[in-house]
Amino acid sequence: MRPLPAPPLLLITDRSQAAGGILAAVAASVAAGCRWVSLREKDLPVAQQADLLLALRPLLDGVGGTLTVHGMPELAPLCHGVHLPDGADIAGARRILGPDALIGASCHDRDGVAAAARDGADYATLSPIFLTPSKPGYGPAMGPAALSGMPLPTLALGGVDAGNAGDCISAGAAGVAVMGAVMRDPAASGPILSALAATRGRKPGI
């Protein structure tokens, strides 16, 4: 199992909300300290997603960061791995991509995280932990307590911000994942990273 990128903040792209476009938003977030980005533009043709990965890769490589792609194992060779939807063939992706690829899975309950662990994922996202304006009506929110005792490193997703990121880590999350709030305001990465750093004394490895 690959260790998670550090710091454990995953920025998931959404071009519909990106301030100044994806490249500008990611560049600003990287400048604020983010080192892990996943391209989630699944409605785009594969060729356009590939072009975006090739454009984003230097931004992450330049700081020793990690770039992954959502839902497209065939594009993973252009970056560092893939994040798969709930119910996807994690074991099949691992066979194709090999042991060095970073493979994550979207999960919505403890059983899903357990299945992802069994099938060879490196991490899972669990959502929604809090209600989020990016997906109104998506819920109910599980709350940070749902992150406790997971069998796989698990990132809190859904409504995470600087005010509650520390609560997620304290509850057992291995990190946090964000989308809309940071896409709209990439500078928001900084306060979230500060909140994560503030937990280092309470949770080893963060």
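Quick look at the values:
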read-out	value
Close pairs (6 angstrom Cβ cut-off, 6 or more residues apart or separate chains): under 14 Å from G33 (Cα atoms) in the range 62-78, of a type in the set (F, W, Y) anywhere	T66/W36
Selection within the range 1-32 - in contact with a strand residue (DSSP E or B) (Cβ under 8 Å, 6 or more places away or on another chain) and assigned to a loop (DSSP other than H, G, I, E, B)	R2, L4, P5, P7, P8, T13
Residue tally, condition β-branched (V, I, T) and in contact (Cβ under 8 Å) with a residue 60 or more places away in the chain, over the range 146-184	3
Restricting the range 9-38 to residues that are closer than 16 Å to L157 by Cβ and of a type in the set (A, V, I, L, M, F, W, C), the residue that is surrounded by the fewest Cβ atoms within 10 Å (Cβ to Cβ)	I12
The range 85-102: number of residues that are in a helix (DSSP H, G or I) and either under 12 Å from G120 (Cα atoms) or touching a Gly at 6+ places or on another chain (Cβ under 8 Å) (or both)	7
Residue in the range 39-72 that is farthest from the chain's Cα centre (by Cα), counting only those that are outside any strand (DSSP E or B) and of a type in the set (V, I, T)	V46
When residues of the range 180-202 are limited to those that are assigned to a loop (DSSP other than H, G, I, E, B) and either of a type outside the set (A, V, I, L, M) or crowded, with 23+ Cβ neighbours inside 10 Å (or both), the one nearest to the chain's Cα centre (by Cα)	D185
Any chance V82 is part of a strand (DSSP E or B), at pLDDT 95 or above and touching a Cys at 6+ places or on another chain (Cβ under 8 Å)	no
Qualifying residue in the range 41-48 (condition: modelled with pLDDT of 95 or more, in contact with a strand residue (DSSP E or B) (Cβ under 8 Å, 6 or more places away or on another chain) and aliphatic (A, V, I, L, M))	no
Residue among D100, D122, D109 that is within 18 Å of S148 (Cα to Cα) and touching a residue at least 60 places away in the same chain (Cβ under 8 Å)	D122
Any hit, the range 95-102, residues being at pLDDT 95 or above, surrounded by 15 or more Cβ atoms within 10 Å (Cβ to Cβ) and closer than 26 Å to G190 by Cβ	yes
Test: residue in the range 141-151 that is at pLDDT 95 or above, of a type in the set (G, A, S) and either under 23 Å from R35 (Cβ atoms) or not in a loop (DSSP other than H, G, I, E, B) (or both)	yes
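The values are calculated or read from the model by the stated rules, or taken from the named source; none is laboratory data. Remember, it's a predicted structure, so these values are computed and weren't measured experimentally. All Cβ positions, even for glycine, are placed from backbone atoms using ideal geometry, and neighbour counts span all protein chains on display.
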